[in-house]
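K.L.:
Have a look at the structure that comes next, please.
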Amino acid sequence: PKFRSFSSHTRPMGCQAHKHLRHLPRRYITMILEKAIFIKLKNLKFSDQQLFDAAVSGFNPSRHTCRICGAVGRFSEIHSYQRDMISTNGSVRVDTRLSIRRFQCGSCGHTHALLPDILIPYGSYSLRFILTVLLCYLKRSSTVTNLCRYWGIAVSTLYDWIHLFIIQYNSWCS
């Protein structure tokens, strides 16, 4: 099947993580790397809510290091706040309200929010939601306007995500 790249940029042939692909033409390498991200996304068996709950329930503050001062096990829970998470269940948008726990370091006094990897700091969209929308964009099965209307996002938001993905993709393989 035909697969469109985000940009005309392909990974440099010296990309350390993929030396075993060096014998393939660049167009195949780009296709393999980009598709791998989305295949992994589709194979996730858990919802973002389940991944969030598992990460939060497995957090033990006595084993973690403060990113500011380096103290280990000095966290105490001080409060929580509410945050929206926009995620996806298949091809359906799911809006969820989360309770985010905050901890304070007993050594330096800095506070830290417990944010699992599925959440992007200072944003409401889950990583899976963003990648799902990008996959729909790559499939070109709809116009950008219709795609954004379906997922409930602004066109400028989609183009921001595309630009960010290109930057991240290029940094992975540089």
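K.L.:
Working out 0.36 nm times the residue gap between Asp53 and Arg67, then minus their Cα-Cα distance, what length gain in nm do you get to one decimal?
P.N.:
On the way: separation 14, 0.36 × 14 = 5.04 nm, distance 2.29 nm.
Length gained between Asp53 and Arg67: 2.8 nm.
K.L.:
Another question, if that's okay. Could you sort the peptides 157-166, 143-152, 90-99 by per-residue average Cβ neighbour count (10 Å cutoff), highest mean leading? Provide the component values of the computation, followed by the final result.
P.N.:
Numbers: 157-166: 15.3, 143-152: 13.7, 90-99: 12.0.
Those peptides, ordered most packed to least, come out 157-166, 143-152, 90-99.
Rule-based calculations on the coordinates, nothing more; no lab input. Only a predicted model underlies this, so the values are computations on that prediction, with no experimental measurement involved. So basically every Cβ, Gly included, is an ideal-geometry build from the backbone, and we count neighbours across all protein chains shown.
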